[in-house]
Amino acid sequence: MKQFKGRVLASGNYKGKVVVSRQGVNTLATFQKSALMNKKEVIASDQNNSDIFGKNITGVALALPMTIGSTTGGMVLQVICSMKINPACLLFSAPIDSLAAAGVVLAKVWENSDIIVIDKLGEEFLKTINTDDEIEVKEDGIVTIL
Amino acid sequence: MYEPKMALDKEQLDILNGKQGPTKAKIMETLVRYGDIFDAKRLVKVTHGQGHLVTSFGIPLLKPVYKIMDEIIAADLKVKDGFSMDPRPLDYENVKCSLLEKLVFNLILYGKQEDYENQLEKIGLTGKNKFTCACYFKEVGNIPKEGDILSWAESSAVNYANSVLGARCNRNSGMIDIFGSLLGYVPEFGLLTDEGRKATYKVIIKTSKKPEAQILGSAIGMKVMEEVPYIVGLDKYLGTELTDDVCSYLKDFGAATASNGAVGLYHVENLTPEAKHLKEKLLVKDYKEYVIDDEELERVYKSYPIMWKNKDKKGNMAFIGCPHLSLTQLNSWTDRIINALKENNLKKVKARTILCTAPDVKEEFMKTDNYQKLLNTGAKLTCICPLMYTNNPLTKSHRIMTSSNKLRTYSIARYYKDEELLQAICGKEVK
């Protein structure tokens, strides 16, 4: 059992599986296909990200260093939150980037989203955690790999 | 109610507390929360009133955006000095599409285009011609001054405005751009501050000739990601004045740094405004170094994957102009295409060749003899965003070639150096 503490940007509790991307997640490329097709779940569709490509990331924790790609990224996060097909938590190892931050804020203010967001969990967090690990996220920003 | 961490003045607090209506309150809350995440101390005034919006496409997926736009219209809010937009997605006259492709474009991808443009007009779109990613072209006229504070989001325009014009803007997401323009405030952090504009990388150019702008930008973007580079040795090839040619070079270079990495600002020694004033004082104490020579550029170029289904076939379609071509570049590409055809004893290009520029630049270009000369080569001139064309999965059946590193990054288009692309559109095999 290992614990990491990060900064809480949107609080909440979660217990369940995690999907891990060790590279930056391209928001548009990852979410666009499922959102466009009005799917009930997001199957990550960025072929350039083999860590998460083809994985169902709706309702689970997504661990990542940062988001990358088009500056539409924030809006795409807002869209998937409005469709309620977002990951349950976003767990950033690095300080959150401006595009993801905008997305999280847009989702909170305009969609009343309950997405949990923690950043600054550290490089060690991303080195330690693996896809399909069971984790627990507490509202004080502590992430435990069970 | 949200408790702001940053200091707000009375007017800002009143807006946040809903004294100017619930929509303005939510817009203010969005900007304040956004700034609080980055420990912004305050909101600062947007001093270049003309906005620029990154979201120019009426994609049904963006339902929440249209809902917010309706709310803004209902609240009678408008951007006082107006705004320009990124390029439109479609131009069937100059970028022909099959019936099936059109169905996907019209029904699935951009079915809300007309409705969305109607919304934009109501909140301050400056004109029907103001659709370009390069709104800072003099023909378009959305040109911030050095030191101006902006609320833009288009990554290549933010990069250009910060670096070449010396204005100040963060790498914002779509919606933050319009919110800042509507309220006239943005949170002060990152690239808006002197500290945030300091370079953490010194990039030393040691190439034997002028580097291809798009590959140099790609190399630097992939290395520094979101950090600020200070580039030395490039003035040897570009000189020390921001001429039209140099600005065009920096536009393409910067777009590659922004799309292959996440660069919002770069400094070029002896050339860009802040580097001219402050020189190496712009470097932080413990900066990192990155040396770029011919070998490094070739390594980066060779690393680009070829994602066509049939990698051994020649390309059959070419997009030139992402970001949009300047008038100088349009003239130069016209001459180069004509010369390449002559060298190959051809009258027309062998692959569909589409050049992309701003509507206002196209209008100017159409007044010159070169316009007809370009059309005579078989090439087409459009004002769309080629990325939005490649969003249609059916277009993957075309083997698209490009000299744009941004287009390469966000699509399966294959990258060619300028000279290679000229040979490829003349039907030559380029490996």
- At a Förster radius of 41 Å, what calculated FRET efficiency corresponds to the Cβ-Cβ distance of B:Lys285 and B:Lys347, to the nearest 0.05? 0.10
- Message: Could you check the spin-label model distance between A:Lys33 and B:Asn270? Points 7 Å from the Cα along Cα→Cβ, value in nm.
- Response: 4.9 nm
- Could you calculate the FRET efficiency of A:Glu139 with B:Tyr304 from 1/(1 + (r/R0)^6), where r is the beta carbon distance between them and R0 is 60 Å, rounded to 0.05? 0.85
- Counting other chain Cβ atoms within 10 Å of each Cβ in B:62-68 and taking the mean gives 5
- Query: By how many degrees, between 0 and 90 and to the nearest 10, does the Cα long axis of helix B:213-224 differ from the longest principal axis of chain B?
  - Reply: 50 degrees
- P(r), alpha carbons of chain B - 20 Å bins starting at zero, rounded %: 26, 56, 18, 1
- Find how many whole Å separate the alpha carbon centroid of the stretch B:365-417 from the alpha carbon centroid of the stretch B:158-176. 25 Å
- Using only the Cα atoms of the stretch B:56-127, build the gyration tensor, take square roots of its eigenvalues as a ≥ b ≥ c, and label the shape rounded, prolate or oblate: rounded if a/c is under 1.5, else prolate if a/b is larger than b/c, else oblate. oblate
- Message: Students often get this wrong: which residues of the stretch B:229-260 have the backbone nitrogen under 13 Å from the point 7 angstrom along Cα-to-C-beta of B:Lys206?
- Response: B:233
- What aspartates and glutamates sit close enough to B:Lys288 to cross-link, taking a C-alpha to C-alpha distance under 12 Å and skipping anything fewer than 8 places away on the same chain? B:Glu227
- From fewest to most C-beta neighbours within 10 Å, the residues B:Arg399, B:Arg42 line up as B:Arg42, B:Arg399
- Query: What residue among B:Gly58, B:Gly196, B:Gly217 shows peak mean-square fluctuation when chain B is described by a Gaussian network model with Cα springs under 10 Å?
  - Reply: B:Gly196
- Picking from A:Val8, A:Ser21, A:Asn56, whose Cα lies most toward the positive end of the charge dipole for the stretch A:1-82 (charges on Cβ: Lys, Arg +1; Asp, Glu -1)? A:Val8
- Message: Largest first, please: the extent of the C-alpha atoms of the protein assembly as shown along each principal axis, to the nearest Å.
- Response: 71, 54, 49
- Return the FRET efficiency for the residue pair B:Ala7, B:Leu107: r is the Cβ-Cβ distance, R0 is 45 Å, and the value is rounded to the nearest 0.05. 0.35
- Message: My understanding is that a pair violates if its Cα-Cα distance is over 19 Å; which of A:Lys55/B:Lys309; B:Lys96/B:Lys380; B:Lys96/B:Lys348 do that in this structure?
- Response: A:Lys55/B:Lys309
- Run through the DSSP bridge list for chain B and note the antiparallel percent, rounded to the nearest 5. 10 percent
- Query: Among the listed pairs B:Lys406/B:Lys431; A:Lys84/B:Lys67; B:Lys198/B:Lys302; B:Lys80/B:Lys198, which are separated by more than 24 Å between their Cα atoms?
  - Reply: B:Lys198/B:Lys302; B:Lys80/B:Lys198
- For each of B:Leu325, B:Leu99, count neighbouring Cβ atoms within 10 Å of the residue's Cβ, then give the residues from fewest to most. B:Leu99, B:Leu325
- Message: Give me the dipole magnitude in Debye, nearest 20, for chain B about the Cα centre, with unit charges on the beta carbon: positive for Lys and Arg, negative for Asp and Glu.
- Response: 1280 debye
- Measuring from its Cα centre, the protein assembly as shown shows a charge dipole (+1 at each Lys and Arg Cβ, -1 at each Asp and Glu Cβ) which, in debye to the nearest 20, is 1360 debye
- Task: Specify the inter-centroid distance of the stretch B:302-364 and the stretch B:61-89, based on alpha-carbon positions, in whole Å.
- Result: 33 Å
- When DSSP assigns beta bridges and you keep just the ones with both residues in the stretch A:2-145, what percent turn out antiparallel, to the nearest 5? 55 percent
- Sequence of A:Met1, A:Met75 once ranked by neighbouring C-beta atoms within 10 Å, starting from the fewest: A:Met1, A:Met75
- Intensity falloff of the stretch A:4-146 expressed as log10 I(q)/I(0), Debye formula with alpha-carbon point scatterers, at q = 0.12, 0.17 Å⁻¹: -0.39, -0.83
- Past the 21 Å Cα-Cα mark, which pairs from B:Lys130/B:Lys251; B:Lys350/B:Lys396; B:Lys128/B:Lys251? B:Lys128/B:Lys251
- So which aspartates and glutamates pass the test for A:Lys15, namely a Cα distance under 17 Å, with those fewer than 8 places away in the same chain ruled out? A:Asp114, A:Asp132, A:Asp133, A:Glu134, A:Glu136, A:Glu139, A:Asp140
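A short reminder: the numbers here are calculations on the coordinates, not readings from a lab. Please read all numbers here as calculations on a predicted model, not as lab measurements. Note: ideal-geometry Cβ built from the backbone for every residue, glycine included; neighbour counts use all protein chains shown.
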